[in-house]
Amino acid sequence: MDTIHIVEKFEKCVYLVLMLLLMVVLIVTLLDLVLLLNTSIGSFVEGAFLSPIELTNVFAAVLLVLIGVELLDTLKVYFRENSIHVEIVMLLAIIAVARKVLLVDPISAKMNGIEYGFELMGIGVIVVGLAAGYYLVKKAGITFGPGGLRKSGE
């Protein structure tokens, strides 16, 4: 058995363990979302509207589950095809930045107006860059595999 074959088998085992661990994390995160929704809906039924903070927490938890699912999908595709679909990774990054935008809280971070403005401008630059990159990758259909970068279908 040559060394390359052993390394490839080891990589497959690592990806399998990562997928199993990520599934456990996703189950725990999903249960946390269910408990959060139960608490939020319980307060809504009692006549109190959901506060903006509660809504933000619910949306952030939903996006966290979505990030986990997309990450699992990325690992699954790599495990099956031995290639990384760049568009999935870009989409994952866009979702993560969207989650960050929801969670930006200048009060708890003790930021003044200028610092908050610079943080929002920085996030805006990242969003525009990721969106442009996603558009270009989607248009080109690029994936990354053992042979390097290639267009989908090659």
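The values are calculated or read from the model by the stated rules, or taken from the named source; none is laboratory data. Please read all numbers here as calculations on a predicted model, not as lab measurements. Cβ sites come from the backbone with ideal geometry, for glycine too, and all protein chains shown count toward neighbours.
With the condition kept exactly as written, say whether any residue in the range 7-14 is of a type in the set (F, W, Y), closer than 24 Å to D105 by Cβ and either touching a Pro at 6+ places or on another chain (Cβ under 6 Å) or assigned to a helix (DSSP H, G or I) (or both).
The answer is no, given that none of the residues of the range 7-14 is of a type in the set (F, W, Y), closer than 24 Å to D105 by Cβ and either touching a Pro at 6+ places or on another chain (Cβ under 6 Å) or assigned to a helix (DSSP H, G or I) (or both).
Are any of the residues in the range 97-107 touching a Gly at 6+ places or on another chain (Cβ under 7 Å) and not in a helix (DSSP H, G or I)?
Within the range 97-107, the first condition is being touching a Gly at 6+ places or on another chain (Cβ under 7 Å), and the residues that meet it are none.
No; the residues of the range 97-107 include none that is touching a Gly at 6+ places or on another chain (Cβ under 7 Å) and not in a helix (DSSP H, G or I).
What are the residues in the range 54-93 that are acidic (D, E) and either closer than 16 Å to V14 by Cβ or touching a residue at least 40 places away in the same chain (Cβ under 8 Å) (or both), if any?
Step one: of the range 54-93, the residues acidic (D, E) are 54, 70, 73, 81, 87.
E81, E87, listed by residue number.
Any idea which of (1) in the same structural domain as G124 (by TED's automatic domain parsing); (2) modelled with pLDDT under 85 is the one S51 doesn't satisfy?
(1)
Conditions tested, residue by residue: (1) touching a helix residue (DSSP H, G or I) at 6+ places or on another chain (Cβ under 6 Å); (2) of a type in the set (A, V, I, L, M, F, W, C); (3) closer than 30 Å to Y135 by Cα; (4) surrounded by fewer than 16 Cβ atoms within 10 Å (Cβ to Cβ).
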position: I6; (1), (2), (3), (4): no, yes, no, yes
position: L20; (1), (2), (3), (4): no, yes, no, yes
position: V25; (1), (2), (3), (4): no, yes, no, yes
position: F49; (1), (2), (3), (4): no, yes, no, yes
position: T56; (1), (2), (3), (4): yes, no, yes, yes
position: E81; (1), (2), (3), (4): no, no, yes, yes
position: I88; (1), (2), (3), (4): yes, yes, yes, no
